[in-house]
Each structure stands twice: as C-alpha cells, then as structure tokens.
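Okay, structure first, notes after.
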Amino acid sequence: MKNRLNAVLKVVDPRGSVGHKDVYLTCGVETTAASKVLEGYLPQYSATLVLDLEKAGYKTKAKLNLDAWAHGASGENSAFGPTKNPWNPIYSPGGSSSGSAAAVASKLVEFATGTDTGGSIRLPASFTNTTALKPTYGALSRYGIIAMASSTDCPSIIARDVAKLKQIYKILAHQDPQDPNTHSQKRSELNKTVNKKKLSIGLPKEYFTQGLDKEVKGIVKNAANLLEKNGFKINEISLPHTKYGIAVYYLIMTTEVASNLARYDGIRYGNDRSHFGLEAKRRILLGTFASQAGYAARYYHKAANLRTLIIKDFKKAFKDIDLILAPVSPTPPFKLGERSKDPLKMYLSDLLTVNASLAGLPGLALPCGFTKDNLPVGMQIIGPRWSEYLLFSVGNKYQKITDWHERSPRL
Amino acid sequence: MTDKPAKIKATKNKLEQIAHLARIKLSDSELANYLFEVQEILEYFKIIEEVDTLNVSPTYQVIDNLQNFTREDEVGTCLTQKQALSQAIKTYQGYFLVEGVLSEE
C-alpha cells in the first residue's frame, strides 16, 4: 500500500475498508498514539467502535497517523513524521486526525475514524475536501480510545460524503456500559425526522470578523447564499463569548490532558515519560500549572465559569435559529513548517471549533470550495445536542446541489 | 527592564516545581524554552479576567441530568493475568515492578 503522504502508520489488512486513527485500541495490533511512549505497545483489547465496525463487516485496513496524543492542528507533532496534504504535499492536511483525512481524501480507505476534542476532525476535513462529523458529546463510546480531554473528547467519523457518514453513524451511535457518558434519555432525539418546512441558519458575527481570511469568508458566504436560494432562512446571530474560547479550552483541556497522561509511567505498558514529545510535555506543564493549588481558582476554575457562559451563548442562539453555519478554519490550509515553531499561533487555528467542543455540540464539516491556489476550504454546520438528524438532512441537501465533495486530488 | 529578570527567576523555580509535580524531566535548555513559551501562553490566557463571573457557576461536564447507573455485582470477562502483564517492560513473578517508594532507613 503506497504511503507517499505518510498517512499510514501500519497496514493491518489490505482487504479491510476502514482506517482507524492510531488512538483507537486494536487488539494485538500496535497502537502508538503517534508517540514514542507507546511505540511497540500491543493492546490486549479493542475499542468498542472498532468491534462495532468489525461486526458490521468493516475490517480494519490501517492504523492512521496523527499529531501525537491528538495534540495538534497540523500533523507535525507525530513522532513518526507529518502527514502530507494530498491536494499539495508541501501543505499540512490539518490535525490532529491528519492521517485519517489524507487517507480518505486520497481514497486509501473508504472512510476513517478520528477524534475531535477541539476541532481535530473538522479542521483536517476542511483542509482536505472531505466530509466529517464531530458527534454530540456522549453519542459515541470512548471506550478503548486513548483519552485526551475527557470532557470534550468525541470519537468522530470522516468520509467522502454525508451519506456514508450517516450510514456509519447509525452503527456506532449506541449506549455502551463501558462509557457511562453514553447513557442518555435524549438519545431518542436521533430518530427524529425533519418536519419544519423552512429551517433557519444563523451566521455568528464573531466568526466572520476581520481576522477571518478574505478568501475563506467569500467561499463560506457563497455557501450560505446558495442555501438561502434553496429554501433556508439565513440570519446573523451573536455568540458574544467567542473570543474567550481558546483561553478557556487551552486551560481546561491541558488540565484534563495532564491528568490523562499521568498514567504513562512505563510501568504497566509503554516506555517512560522521557519519551514524550515537545508538545505533550508543553501541554502537561500548562495543565499542571493551571490546576495547581494557588493558581487553580484564577485559571482552571475561572475557565470553567466562562465555559458556562459559552454554553449559554449557544442555548440562547438556538432559541431563534435551528442551526449555525460557520467557517472551520480562520485561514486556508497552511504549509508544513509554517506554524510549527509558534505554539500559540498553532493554537489559534482552533478559534472557530473549540466553542462547539466546550458545549458538547455536534458539528458537520462540509467541503464548500477552493482557494485560488486550489486548496480546499470547508464549512461547519453546528446544531444543538442530539441534532445529528438535522445536520445530516442539511448536509445531504447541500451535497445534492453542489459537487465540491466529489472532487479528488490529482495523485 | 529591571522588573523582568526577577519575574523570570521566580517563574523558573515555579516551572521546575511544576515539572517535578508532573514527573517530567527537563534539561536546562528545555527549561529555558518552555519558560518563554509558557509565559507567553499564560499572558494570552489573562483575557479571561475581562469577564465578570462572580454569579456564574462552573461547568466541568456538559451532560444534562447526568445519572449514575450500576450493574449487578457479578464477575464478567476481564484480562487474564498474562494479558495484563504482557506489555510491561519489567515484571517479577507475576507482578509489575516499580521503583522503590520507601527507603530502607
């Protein structure tokens, strides 16, 4: 199997159909989280979602590359080399599900799993002209998936169209006793059908400020105009606490990461902590700082208070509109090496995705155009919790009236 | 200008303390690099102080009406001892081997 893009860490079965981000435990098959800490680690059990797919006839074809521990927005934090964007190999495919996006875009696999904790499936989908779903937090089981930030981790799916996403989602969206957060009476909402004649879509003005790249703005606004011509009502809305999202996310997420990565002590499995890469160490240090006695009130707990306000913004908005439409990335895809030396600049790539993550909302990333340099640009549709049926309906409609998602990179 | 060196000195000790808490060993050059980055990032985080959250309660998880649920206290399937030990670098007679916690003295 060709691996010119470095999307694949391990070929499992060439006759398989699904690629798994290498944070999904696959029994007996090396699972590394793209880190030297877990190089050589053979899980003794499989993730629930891996077993679900095997039972449904989707055998594992490959384990896919990522930013180590899912920390990153470019794929450059992998201990095994970055993945390249199939549309132009000097560009990043986005991250952290970099291998998943590149493998789907280049047709190495039919579809792939990923995770989205702060944007890690939506961003690479938008950089590679692929279609991805970050589900409602708690919709899919996290059992057997290496944990990053437990209060926002969402197992996710990436494919070449909405129809495939919907098909796979139906297999994977179920309660799992192994992940208590999947237990919800609201699950029945997923079986709803769209009964409203005219759905209203809100464009948050804080997502379209001066900081947004002009080409990205034009492409996403064109998509909104097209939806308006096809029966959707488009309104401007406000999500006033948007600009605090990065600070809130990077305080809460790093605290949870520091806790989740404490288990890697090289005693029961894996290599010792000296094998952690630069970004993992950076996040562990930040999280330990944010949560330690004497600082926690000012950093971690304050961030948790702000999280409440961010969630309230969305709840208020959804009283007036059914769905939110926004760009995924403030910029078009960037080159490998362009941001890797500036951690804060890299963190700001997540500006438009973290708030939905903090609120546990589902988001559907759809291809919607290309820049003048022929680089993909995606948009996201965000809905209230358990509104995946609405997202699929709008996404399907959009992919019937456009053909962006059918384009393939020349390889 | 005279303020800055004092600030860096105090924070260097803090970072060493943090690294120790997190069981992360840092070389002197790593310490210097991380110090600069962590200071820059923490400076950015200060933006949250703009918002008055006096009457706001914190959110640590997003599921409404999160309920605990239990199962019967019955033995189910689990890893065998062999499977559980299979990935450890050092084992001893069916146990994981750890660094000494208590000294002889």
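For the stretch A:106-119, the set of residues classified as of a type outside the set (Val, Ile, Thr) and open to solvent by less than 10 Å² (accessible area, probe 1.4 Å) consists of A:PHE111, A:ALA112, A:GLY114, A:ASP116, A:GLY118, A:GLY119, listed by residue number.
Within the stretch A:11-36, if we keep just the residues that are away from every other protein chain (no Cβ under 14 Å) and among the charged types (D, E, K, R), the residue that is most open to solvent (accessible area, probe 1.4 Å) turns out to be A:ARG15.
Within the stretch A:40-59, residues that are among the charged types (D, E, K, R) sit with their Cβ atoms under 9 Å from residues that are in a helix (DSSP H, G or I), at 6+ positions apart or across chains, in these pairs: A:ASP52/A:ILE171; A:ASP52/A:LEU172; A:LYS55/A:ILE171; A:LYS59/A:LEU53.
Quick check on the stretch A:260-271. Is at least one of its residues in contact with a Leu (Cβ under 7 Å, 6 or more places away or on another chain), surrounded by fewer than 24 Cβ atoms within 10 Å (Cβ to Cβ), more than 10 Å from chain B (Cβ to nearest Cβ) and in a loop (DSSP other than H, G, I, E, B)?
Start the filter on the stretch A:260-271 by keeping residues that are in contact with a Leu (Cβ under 7 Å, 6 or more places away or on another chain), which leaves A:270.
Still in the running and surrounded by fewer than 24 Cβ atoms within 10 Å (Cβ to Cβ): A:270.
Filter once more, so that each one left must be more than 10 Å from chain B (Cβ to nearest Cβ): none.
Taking every residue of the stretch A:260-271 in turn, none turns out to be in contact with a Leu (Cβ under 7 Å, 6 or more places away or on another chain), surrounded by fewer than 24 Cβ atoms within 10 Å (Cβ to Cβ), more than 10 Å from chain B (Cβ to nearest Cβ) and in a loop (DSSP other than H, G, I, E, B).
Filtered by the rule that a residue be under 23 Å from the mean Cα position of the chain (by Cα) and surrounded by fewer than 18 Cβ atoms within 10 Å (Cβ to Cβ), the stretch A:37-57 gives A:LEU51, A:GLU54. Taking first residues from the stretch A:211-240 that are more than 13 Å from A:LEU323 (Cα to Cα) and partners that are of a type in the set (Phe, Trp, Tyr) and in a loop (DSSP other than H, G, I, E, B), the Cβ contacts under 7 Å between residues at least 6 apart in sequence or on separate chains come to A:LYS217/A:PHE208. If you scan the stretch B:57-79, which residues turn out to be open to solvent by 70 Å² or more (accessible area, probe 1.4 Å), of a type outside the set (Asp, Glu) and either more than 9 Å from every other protein chain (Cβ to nearest Cβ) or over 30 Å from A:LYS315 (Cα atoms) (or both)? Answer for the stretch B:57-79, where residues must be open to solvent by 70 Å² or more (accessible area, probe 1.4 Å), of a type outside the set (Asp, Glu) and either more than 9 Å from every other protein chain (Cβ to nearest Cβ) or over 30 Å from A:LYS315 (Cα atoms) (or both): B:THR70, B:ARG71, B:VAL75, B:THR77, B:CYS78, B:LEU79.
Hey, can you tell me all the residues within the stretch A:58-79 that are closer than 14 Å to A:THR117 by Cα and of a type outside the set (Phe, Trp, Tyr)?
First, the residues of the stretch A:58-79 that are closer than 14 Å to A:THR117 by Cα: A:66-73.
Once the filter is applied, which keeps residues that are closer than 14 Å to A:THR117 by Cα and of a type outside the set (Phe, Trp, Tyr), the stretch A:58-79 yields A:LEU66, A:ASP67, A:ALA68, A:ALA70, A:HIS71, A:GLY72, A:ALA73.
The residues listed here are A:ALA139, A:ALA159; of these, the one that is closer than 30 Å to A:TYR264 by Cβ, crowded, with 23+ Cβ neighbours inside 10 Å and out of contact with any Gly (no Cβ under 8 Å at 6 or more places or on another chain) is A:ALA139.
The values are calculated or read from the model by the stated rules, or taken from the named source; none is laboratory data. Just so it is clear, the structure is predicted and the values come from calculations on it, not from any experiment. FYI the Cβ positions are ideal-geometry reconstructions off the backbone, even for glycines, and counts take in every protein chain you see. Heavy atoms of the whole protein, side chains included, go into the accessibility calculation; ligands, DNA and RNA do not. Shrake-Rupley method; radii C 1.70, N 1.55, O 1.52, S 1.80 Å.
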